[in-house]
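Working notes, structure below.
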Amino acid sequence: MSRPVLLSHIGTRFQIAIPTGWFTTISTVSRKIYNHLVTVDYEESGHRETASIADRYNVSNELMRDMTTREIALSITSQDGPQTIAINTYYSTDSTLAGDLLQDDLYRSTRANVITACHLYSA
């Protein structure tokens, strides 16, 4: 595999295979004013990690932020072997349900747009 590949998707639960040596950056944008949550399961340095990326209620068209680092993008360093990244999306129109409280199949999103870009640089 020389480029990332969409492996599977069931609704808004999908997996992407990342080749060996690729750096990965994930950013998310909230297009509606609801509370949104995106979870990303990945491996870094041999450890399983989960990032939770959320937005602010009543704000749309804004980059969502990692709930731990507050960064607007999740950066995953290159790994010694290929890896699979699992992404899940959730939302609620209820302003009291936010962040990790949304991580339930009851609040699973019904639609997600995945846009990929591969940038190749040579010196």
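The values are calculated or read from the model by the stated rules, or taken from the named source; none is laboratory data. Because the structure is predicted, anything quoted here is derived from the model rather than measured. No Cβ is skipped: glycine too gets one built from the backbone with ideal geometry, and neighbour counts run over all protein chains shown.
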- Message: Quick check on this structure: which one of Thr68, Thr25 is modelled with pLDDT of 90 or more and part of a loop (DSSP other than H, G, I, E, B)?
- Response: Thr68
- Are any residues in the range 5-43 under 17 Å from Leu74 (Cα atoms), over 14 Å from the mean Cα position of the chain (by Cα) and surrounded by 14 or more Cβ atoms within 10 Å (Cβ to Cβ), and if so, which ones? Trp22
- Query: (1) crowded, with 17+ Cβ neighbours inside 10 Å; (2) touching a residue at least 40 places away in the same chain (Cβ under 8 Å); (3) within 21 Å of Tyr42 (Cβ to Cβ); (4) under 15 Å from the mean Cα position of the chain (by Cα): which one isn't true of Gln79, the others all being true?
  - Reply: (4)
- Item | Leading residue by the ranking (surrounded by the fewest Cβ atoms within 10 Å (Cβ to Cβ)) among those in the range 99-111 that are hydrophobic (A, V, I, L, M, F, W, C) and out of contact with any His (no Cβ under 9 Å at 6 or more places or on another chain) | Leu106
- Out of the residues in the range 53-65 that are touching a Ser or Thr at 6+ places or on another chain (Cβ under 7 Å) and buried (at least 19 other Cβ atoms within 10 Å of the Cβ), which is farthest from Leu7 (Cα to Cα)? Asp55
